[in-house]
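What follows is a short report on a single structure.
The values are calculated or read from the model by the stated rules, or taken from the named source; none is laboratory data. Just so we're clear, the structure is a prediction, and the values are computed from it rather than from any experiment. As a convention, Cβ positions derive from the backbone with ideal geometry for all residues, glycine included, and neighbour counts pool all protein chains shown. We work out accessible area using only protein heavy atoms, side chains counted, and drop any ligands, DNA or RNA first. Shrake-Rupley method; radii C 1.70, N 1.55, O 1.52, S 1.80 Å.
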Amino acid sequence: MPDFVIPPPAIPAVAVAGSASTFPVRRVFCVGRNYAAHSREMGRDPDREAPFFFMKPAHAVVAAQGKLAYPPCTQDLHHEIELLVALGGGGADISPENALALVWGYGVGLDLTRRDLQAVAKEMGRPWDFSKGFDASAPCSALRPASEIGHPSDARIWLEVNGAVKQDGNLREMIWSVADIISHISRFVRLAPGDLIFSGTPAGVGPLLPGDRVHGAIAGIADFDFQVGPYPGENESAAQV
Ligand code: MN
């Protein structure tokens with residue numbers, strides 16, 4: 001055993017549907033503006049801009065179930081429903097033709113965003129880490145192996161808050177396909193087993209409030225349900241959860 005000076009942190013992991021085994025998370029990559037309608041709602045022109053990437057800490061991954069705490073330091077927590085791509089293989093300079101062979105499986109997750117902090121970061125030209133990579137900012141469904149479900153490219157992806165549909169798109173609307181995304185990231189960094197990719201969100205992003213019941217799904221792939229906890233420092237009855 002290595003001689004660590006403190007107990008080593010647990011390895012973050014995502015559940016696997018119908019299995020006691022889990023998928024260990026190495027890094028979390030996120031794609032920005034990969035659906036044209038969402039790009040336009042954020043004030044950009046999707047025809048003039050290539051998608052770009054940012055990251056969340058692996059320990060930001062949590063199971064999208066039960067009750068998830070409303071994070072501190074924001075008044076505008078936003079939901080972004082996204083296809084999750086879990087890599088079982090890796091490499092550098094991977095061609096789009098070879099990219100899907102690296103995928104272990106798929107799921108659905110939320111790229112939770114402190115939109116108010118992100119707006120300040122954009123304005124000031126500062127990093128997005130604290131608007132995108134805070135604790136529990138990456139709730140994930142259980143994953144399904146590609147060996148069972150194949151490689152989805154045409155499926156409804158949607159999010160409901162308190163039973164009302166807020167985001168409603170289809171994976172075929174992605175500007176860059178899963179294969180394109182993997183190929184592109186692998187030019188910048190050497191991908192590895194355990195890497196998890198959030199592949200961008202369709203239009204309709206908006207706020208989550210304490211007490212909200214959140215349901216997300218990709219048809220035939222995965223789904224999740226959870227409830228948002230009270231504001232930090234508020235007890236449950238005050239927030240009427
Ligand atoms: Mn996103």
message: Condition first: open to solvent by 60 Å² or more (accessible area, probe 1.4 Å), over 22 Å from Ala64 (Cβ atoms) and within 15 Å of the ligand (Cβ to nearest atom). Now tell me which residues in the stretch 120-157 satisfy that.
response: Lys122
task: Taking Val214 as meeting all but one of (1) closer than 27 Å to Ser39 by Cα; (2) open to solvent by less than 60 Å² (accessible area, probe 1.4 Å); (3) modelled with pLDDT of 95 or more; (4) in a loop (DSSP other than H, G, I, E, B), write down the number of the exception.
output: (4)
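Please go through the stretch 181-190 and pick out each residue that is closer than 21 Å to Ala13 by Cα and in contact with a helix residue (DSSP H, G or I) (Cβ under 6 Å, 6 or more places away or on another chain).
Start the filter on the stretch 181-190 by keeping residues that are closer than 21 Å to Ala13 by Cα, which leaves 182, 190.
Across the stretch 181-190, the qualifying residue is only Ile182.
Every residue in the stretch 132-181 that is of a type in the set (Ser, Thr, Tyr) and under 29 Å from Ala20 (Cβ atoms), please. So that I can check it myself, show each step before the final result.
As a first pass, look at the stretch 132-181 and keep what is of a type in the set (Ser, Thr, Tyr): 137, 141, 147, 153, 177.
Listed by number, the residues that qualify are Ser137, Ser141, Ser147.
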field: the stretch 1-20, residues that are within 28 Å of the chain's Cα centre (by Cα) and part of a loop (DSSP other than H, G, I, E, B)
entry: Pro8, Pro9, Ala10, Ile11, Pro12, Ala17, Gly18, Ser19, Ala20
statement: Here the residues within the stretch 72-87 that are within 16 Å of the ligand (Cβ to nearest atom), of a type outside the set (Val, Ile, Thr) and either open to solvent by 10 Å² or more (accessible area, probe 1.4 Å) or in contact with a Ser or Thr (Cβ under 7 Å, 6 or more places away or on another chain) (or both) are Asp76, His78, Glu80, Glu82, Leu83
query: Among (1) within 16 Å of the ligand (Cβ to nearest atom); (2) open to solvent by 20 Å² or more (accessible area, probe 1.4 Å), where does Gly206 come up short?
result: (2)
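Among the candidates Arg44, Arg26, Arg40, which residue alone is within 16 Å of the ligand (Cβ to nearest atom), open to solvent by 30 Å² or more (accessible area, probe 1.4 Å) and in contact (Cβ under 8 Å) with a residue 40 or more places away in the chain? Outline the logic, then answer.
On the way: Arg44 fails: in contact (Cβ under 8 Å) with a residue 40 or more places away in the chain; Arg26 fails: within 16 Å of the ligand (Cβ to nearest atom).
Only one candidate passes the filter, namely Arg40.
Would you check if there is a residue in the stretch 35-47 being of a type in the set (A, V, I, L, M) and at pLDDT 95 or above? Walk me through how you get there before you give the answer.
As a first pass, look at the stretch 35-47 and keep what is of a type in the set (A, V, I, L, M): 36-37, 42.
Subset that is at pLDDT 95 or above: none.
No, the stretch 35-47 contains no residue that is of a type in the set (A, V, I, L, M) and at pLDDT 95 or above.
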